[in-house]
Amino acid sequence: MNCLFCKIIAGEIPSTKVYEDELVLAFRDIAPQAPTHILVIPKTHIPSVDGITAENSAVVAHIFEVIPQIAAAEKLTNGYRVVSNCGADAGQTVQHLHFHILGGRELTLQMA
Ligand code: 5GP
Ligand code: ZN
């Protein structure tokens, strides 16, 4: 499949991994928007939040169990933000479900 993040999972494109298990991979964003900027992705190809169903949502629950562990390992003790852009209006650029973890500085409260 011609998917950038599937290629990262397969090891065909290098990434700086911060966490991996049988279901998910987390790695540093190539263009960080904050001192800590990590992407957490399912190893199965789900295109976006729009592709989450009763059949595949267990991996999403797992991602949200892993996120606090990553935040703790990154010492984001003062807080952090979790973001998923879905579709064109949100500016989604990679069509493989991913959750941004942003932290390490005070983030603006801008929603759009
Ligand atoms: P989106 O804009 O779809 O919400 O987020 C995609 C993210 O993937 C962007 O923050 C972008 O910097 C990141 N990204 C794009 N290509 C690569 C890559 O090859 N490696 C890594 N580590 N991040 C990437
Ligand atoms: Zn993919």
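Could we say that Val60 is in a strand (DSSP E or B) and either of a type in the set (D, E, K, R) or out of contact with any Ser or Thr (no Cβ under 6 Å at 6 or more places or on another chain) (or both) here?
no
Residues being within 13 Å of ligand 2 (Cβ to nearest atom), outside any loop (DSSP other than H, G, I, E, B) and exposed (fewer than 14 other Cβ atoms within 10 Å of the Cβ): count how many of those fall in the range 5-48.
1
If you scan the range 72-112, which residues turn out to be outside any loop (DSSP other than H, G, I, E, B), touching a residue at least 12 places away in the same chain (Cβ under 8 Å) and more than 12 Å from the chain's Cα centre (by Cα)?
Correct list: Ala73, Tyr80, Gly103.
From the set of residues in the range 12-26 that are more than 7 Å from ligand 1 (Cβ to nearest atom) and more than 18 Å from Glu74 (Cα to Cα), which is farthest from the chain's Cα centre (by Cα)?
Checked the range 12-26; the qualifying residue farthest from the chain's Cα centre (by Cα) is Glu12.
With respect to Ser84, is the statement that it is within 9 Å of ligand 1 (Cβ to nearest atom) and either touching a helix residue (DSSP H, G or I) at 6+ places or on another chain (Cβ under 6 Å) or not aromatic (Phe, Trp, Tyr) (or both) true?
In short, yes.
Six or more apart or on different chains, Cβ atoms under 9 Å: show the pairs whose first residue is in the range 6-17 and in contact (Cβ under 8 Å) with a residue 12 or more places away in the chain and whose second is assigned to a strand (DSSP E or B) and aromatic (Phe, Trp, Tyr).
Ile8/Phe27; Ser15/Phe27; Thr16/Phe27
Within 9 Å of ligand 1 (Cβ to nearest atom), without any contact (Cβ under 8 Å) to a residue 12 or more places away in the chain, of a type in the set (Gly, Ala, Ser) and within 24 Å of Leu76 (Cβ to Cβ) - does that describe any residue in the range 27-34?
Scanning the range 27-34 turns up at least one residue that is within 9 Å of ligand 1 (Cβ to nearest atom), without any contact (Cβ under 8 Å) to a residue 12 or more places away in the chain, of a type in the set (Gly, Ala, Ser) and within 24 Å of Leu76 (Cβ to Cβ).
Bear in mind that the values in this text are calculations on the coordinates, not laboratory data. All values reported here derive from a predicted model rather than from experimental measurement. Methodologically, a virtual Cβ is constructed for each residue, glycine included, from the backbone with ideal geometry; neighbour enumeration extends over all protein chains shown.
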